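The block underneath contains the structure these notes are about, expressed in structure tokens.
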Amino acid sequence: MQNKIIKNNLELCTGLSIVFGAIALLFWLQSQHTTRVSIGKRADSQKTIEKPASPIIKPTVPAASKQHIHLVLKRSLRKLYVYKGDSLQASYPVAVGKPGSETPIGKFKVIEMLKNPDWTHPQTGKLVLPGANNPLGERWIAFWNVGREYIGFHGTPDTTSVGKAASHGCVRMYNENVRELYEMVKLGTPVLVEP
């Protein structure tokens, strides 16, 4: 009988040892997982402090300098004004059409743009290649046409004409000014010509 009691106690102790061992193992495993998580969180928080994540930036539309640009030509002042919205960006002295060949008044849009254009003489048909003697200078920005006739802003080798009513309707500009203007406008840019 005593052996039976010892055997039962031994089985009970073994069973309890197994249960307590399993519980201890379970707590140990859980503490290891918690430690890893808290170490991972500390590492993440340190990474965040040391090297913050870059913000997500949405790209913007390029060529903002060409947005909302419009031109106002005041013939009587022989001045061209460049506006971005309501803000004046630049003004340039110009030559306008002489009496009988006045620069047309009204609302127009840029319809053609050329760098270093060639030019054909309207009476003789002679072609003048780009260069120092080309009457259109270094840039051509057309805003009006009827058939084969065009009127636009352009450079000129005849700098003495700028500031006068001297052209056949076109708007002559110093080459350095028309190069600047060319970079500010695009096809469709509004052009208002006032008396």
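The values are calculated or read from the model by the stated rules, or taken from the named source; none is laboratory data. Model, not experiment: these values are computed from the prediction. As a convention, Cβ positions derive from the backbone with ideal geometry for all residues, glycine included, and neighbour counts pool all protein chains shown. Ligands, DNA and RNA are excluded from the accessible area calculation, which covers all protein heavy atoms including side chains. Shrake-Rupley method; radii C 1.70, N 1.55, O 1.52, S 1.80 Å.
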(message) out of contact with any strand residue (DSSP E or B) (no Cβ under 8 Å at 6 or more places or on another chain), charged (D, E, K, R) and modelled with pLDDT under 95: is that true of Lys66 in this structure?
(response) yes
(request) Please specify each residue of region 82-130 satisfying the condition of being open to solvent by less than 60 Å² (accessible area, probe 1.4 Å), touching a Phe, Trp or Tyr at 6+ places or on another chain (Cβ under 6 Å) and part of a strand (DSSP E or B). (result) Ser91, Phe108, Val128
(message) For Asn145, only one of the following conditions fails: (1) within 21 Å of Tyr174 (Cα to Cα); (2) in contact (Cβ under 8 Å) with a residue 24 or more places away in the chain. What is its number?
(response) (1)
(request) Kindly provide the set of residues from region 153-195 that are closer than 14 Å to Glu112 by Cα and of a type in the set (Lys, Arg), ordered by number. (result) Lys186
(request) May I ask you to list pairs of residues, at least six apart or on different chains, whose Cβ atoms are under 6 Å apart, with the first in region 168-195 being open to solvent by 10 Å² or more (accessible area, probe 1.4 Å) and the second being in a helix (DSSP H, G or I)? (result) Arg172/Ser161; Lys186/Lys66
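So how many residues does region 131-150 have that are assigned to a strand (DSSP E or B), in contact with a strand residue (DSSP E or B) (Cβ under 8 Å, 6 or more places away or on another chain) and of a type outside the set (A, V, I, L, M, F, W, C)?
So the first thing to find is which residues in region 131-150 are assigned to a strand (DSSP E or B), and the list is 139-146, 149-150.
Those still in the list that are in contact with a strand residue (DSSP E or B) (Cβ under 8 Å, 6 or more places away or on another chain) too: 139-145, 150.
With of a type outside the set (A, V, I, L, M, F, W, C) added as a condition, the list becomes 139, 145, 150.
Number of matching residues: 3.
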(message) Of the conditions (1) surrounded by 15 or more Cβ atoms within 10 Å (Cβ to Cβ); (2) at pLDDT 95 or above; (3) not aromatic (Phe, Trp, Tyr), Leu136 satisfies every one except a single condition; which number is it?
(response) (2)
